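*Asks:* Pasting a structure below so you can have a look.
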Amino acid sequence: MRKRFWIPILLIIFGVFFPLFFDIEHVGLHHMIEKLENDPDGSTLMLTALILVFLNTLRALPHYLGALLLGDALGRKYNRPILKIAVPVVIIPAVYLLINSYYSMNYHFGGPAILLLLSILFLQLFGRQNMRPLFMSFVFSQLLFGYQWLDIVPALTSFGFGGGEVSGLVKNTSSAIGFENTLSIYSLLFSTVFIIHALVFAVYLTVVEQKWKMRKDLESARLEMVEARSGREALHLVHDLKTPLSLMEGLNSLIQMKAEDPDIRTYTGKISDSIQATSDMVSEILYDEKKNWCSLHTLIEYVRQNKLSESSTIYQFELQAPSDIEIYINKIRMTRAIVNLIDNAGDAVEGQKNAQVIIRSEVHAGIWIGIEDNGPGIKNRDLQKIWNAGFSTKEHPGLGLSFVKNVIEEHGASLDIESEPGVGTTFWIHFPKERTRYEHTDHR
């Protein structure tokens, strides 16, 4: 289980058993209560109230924060926003029940707890995907401290605030010594300050996150626009090649008609074949939908001929699939996609000892072409991001994998990733049976 799940779970467990290690005696509150009972005065009352709020905040923070983060993590993982609210609503009351089952001093599930659950609903609906869990935790901690001050406002007792033993003692003492209004004013003042500060900070962080997301979206759009513009310019250049190719074919035909030397006829025949092959390649570049049957041998050789990354990396070919199996592809675009994967694998292992990239081919319900490296692997949190245009773990913009994914999908194929941090990564391109065929029966 990932760290983002373990940390909230540990916080919740810590919150359940927190009273065993941190109670009124550990913060000096027991002594203050005795002093307040024997010799009540305003200074002792206010100091007792401050320590009580501080203690209640510390005791509530672990399991409230753990429930908030766990709900957020589960909601993101399973893409179900309702979990972000349902998990805290279930876990927080359950923690109160568990604590009250073994702890002598009653934990009161009252006004602050209800307000905090409503705040979780507000944060999840208002923040949505725009506030990071760390920022949300900071905002929530301030709200928790602000709500705890409401527990010692005497006028709010009838509304479910301050049902605990110590809170009741503080409020009763304030009434007895004539400090009821003073305690209420100070408590409401502190509560208002922290709640307003939390809300303002939440709005600020949300706006900042939205601006950051907008910048990322604009940068991705800019990169896609640059890529599209470069692609259009390349297509215009390639299209212009058609004219000299046609002229060369015409002149070559004239030479064939006039030449009587058999060697010259042989040479012009080879020139004609080369012109036709070049013309086919130009057509495949110009038209994405143009596909032909191409043998696995031809595709692999075409990949070999294309320039790979120049480095100390050892490139190996372990080809188990019969080389005469044919695949229905646009050879140019598929080659570019495979070379992109090979170059990315080369980048992943660049500079490390025993750097190695293996190009594989296998037959299992179709043809599988794999590119394997022994690099550092891809972190789990990055696996879903690597296809986004503009995302890259390197310093340069990440456009390659976005292009690869589009090409694979154009061919009705699929792309799988096997990656283990510290071991390496393998990209598998799977061509289903309907996209492959055998040209010959002799598979030597």
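*Asks:* With a 1.4 Å probe and all protein chains in place, put Trp293, Trp212 in order of accessible area, largest first.
*Replies:* Greatest to least solvent exposure: Trp212, Trp293.
*Asks:* Also, I was wondering about something else. What whole-number value in Å² describes the accessible area per residue of segment 70-181 for a 1.4 Å probe?
*Replies:* Computed with neighbouring chains in place, this is 47 Å² per residue.
The values are calculated or read from the model by the stated rules, or taken from the named source; none is laboratory data. Everything numeric here is computed off the predicted structure, so don't read it as measured data. All accessible areas refer to the heavy atoms of the entire protein, side chains included, with ligands and DNA or RNA removed. Shrake-Rupley method; radii C 1.70, N 1.55, O 1.52, S 1.80 Å.
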